[in-house]
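Participant: This structure is in structure tokens; I'll ask about it shortly.
The values are calculated or read from the model by the stated rules, or taken from the named source; none is laboratory data. Just so you know, these numbers come straight off a predicted model, no measurement behind them. Glycine also receives a Cβ, built like all others from the backbone with ideal geometry; neighbour counts cover every protein chain displayed.
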Amino acid sequence: MAKEEATNKISVLIIAFIEITKRKLLNISNMEHHIFGANRARLRNFNKKSAMTSKVVYSGELHTIATHLRSGSTIETSAPVDNHGKGDRFSPTDLMATSLATCILTTIAIVAPSINIDGAECEVEKIMVSNPRRIGEVVVKISFPKSGPYSDEEKKRIEQIAITCPVHQSFHPDCKRTILFNWPNV
């Protein structure tokens, strides 16, 4: 009889635990608190269009389409050839490496508008490593237009801006970033 009572009590406790767990999982605010703790408000705001930057849709065959929500412009990605893809579009890691170059040029134009860099070009090389598979190094070669000449002070300022742009600062420290400057010979 005591064994049967104990079994019943355990069954009741298990059922109660399951019901409480179900309620918690179905209750978004409890789930937010349980999973995200202090970031609860951030999660609530995540789905507001003003807080979102882009929407990414998987379109099949290892392709995605990313839409910039403010402008509607799109970027399509593809898995690279060395990772089961066709390599017919930028890969996600290509975009990451390329974003360094675009950020450098944009930041120079913002921070030093008096220095004319119109026509500056970047060549980007992404070097992958394994264990884990990731970008090991990004090499950006910046060629400046012949509209120079650039003073030593301007060159120093541009070089400092390049290594302090937001994307450069966002890379993991284990990822080497090499920035090469090709100044015009005037």
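Participant: Going by the structure shown, is Leu100 at pLDDT 95 or above, part of a helix (DSSP H, G or I), touching a Cys at 6+ places or on another chain (Cβ under 9 Å) and more than 18 Å from Arg134 (Cβ to Cβ)? Full working, then the answer.
Facilitator: Working: at pLDDT 95 or above: yes; part of a helix (DSSP H, G or I): yes; touching a Cys at 6+ places or on another chain (Cβ under 9 Å): yes; more than 18 Å from Arg134 (Cβ to Cβ): no.
Criteria not met by Leu100.
Participant: Can you tell me which residue in the range 71-87 is farthest from Arg134 (Cα to Cα), limited to those that are touching a helix residue (DSSP H, G or I) at 6+ places or on another chain (Cβ under 9 Å) and assigned to a loop (DSSP other than H, G, I, E, B)?
Facilitator: Filtering first and then ranking leaves Gly87.
Participant: Still on this structure: So if I check each of Pro80, Pro113, Pro132, which one is without any contact (Cβ under 8 Å) to a residue 60 or more places away in the chain and not assigned by TED's automatic domain parsing to the domain that holds Ile161? Steps first, please.
Facilitator: Values: Pro113 fails: not assigned by TED's automatic domain parsing to the domain that holds Ile161; Pro132 fails: not assigned by TED's automatic domain parsing to the domain that holds Ile161.
The conditions single out Pro80.
Participant: Let me ask something additional. Within the range 161-174, track down each residue that is of a type outside the set (Gly, Ala, Ser) and touching a helix residue (DSSP H, G or I) at 6+ places or on another chain (Cβ under 9 Å). Explain how you work it out, then say what you get.
Facilitator: Filtering the range 161-174 down to residues of a type outside the set (Gly, Ala, Ser) leaves 161, 163-169, 171-174.
The answer is Ile161, Ile163, Thr164, Cys165, Pro166, Val167, His168, Gln169, Phe171.
Participant: Of the residues Glu159, Glu123, which is without any contact (Cβ under 8 Å) to a residue 24 or more places away in the chain and either within 30 Å of Pro80 (Cα to Cα) or part of a loop (DSSP other than H, G, I, E, B) (or both)? Step through it out loud before you land on a result.
Facilitator: Numbers: Glu159 fails: either within 30 Å of Pro80 (Cα to Cα) or part of a loop (DSSP other than H, G, I, E, B) (or both).
After applying the criteria, what remains is Glu123.
Participant: Just to be sure I understand, how many residues within the range 55-73 are closer than 16 Å to Asp88 by Cα and among the small types (Gly, Ala, Ser)?
Facilitator: Residues of the range 55-73 that are closer than 16 Å to Asp88 by Cα, as a first pass: 58-66.
Next cut, among the small types (Gly, Ala, Ser) only: 59-60, 66.
Total satisfying the criteria: 3.
Participant: Further question on the same structure: Assuming Asp118 fulfils every condition listed in (1) surrounded by 12 or more Cβ atoms within 10 Å (Cβ to Cβ); (2) within 30 Å of Asn185 (Cβ to Cβ) apart from one, which condition is it?
Facilitator: Evaluating Asp118 over (1) surrounded by 12 or more Cβ atoms within 10 Å (Cβ to Cβ); (2) within 30 Å of Asn185 (Cβ to Cβ) leaves (1) as the failure.
The rows are residues; the columns are (1) touching a Lys or Arg at 6+ places or on another chain (Cβ under 8 Å); (2) closer than 23 Å to His172 by Cβ.
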site	(1), (2)
Lys86	no, no
Arg134	no, yes
Val138	yes, yes
Pro149	no, no
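Residues are listed down the side, and each one gets a yes or a no for (1) at pLDDT 95 or above; (2) of a type in the set (Asp, Glu):
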site: Ala16; (1), (2): no, no
site: Gly60; (1), (2): yes, no
site: Gly72; (1), (2): yes, no
site: Asp82; (1), (2): no, yes
site: Pro92; (1), (2): yes, no
site: Ile110; (1), (2): yes, no
site: Ile117; (1), (2): no, no
site: Glu123; (1), (2): yes, yes
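Participant: Consider only pairs whose beta carbons are under 7 Å apart and that are at least six residues apart or on different chains; among these, list those whose first residue lies in the range 171-186 and is in a strand (DSSP E or B) and whose second residue is surrounded by 11 or more Cβ atoms within 10 Å (Cβ to Cβ) and among the charged types (D, E, K, R).
Facilitator: Lys176/Glu137; Thr178/Glu137; Leu180/Lys141; Phe181/Glu159; Asn182/Lys141
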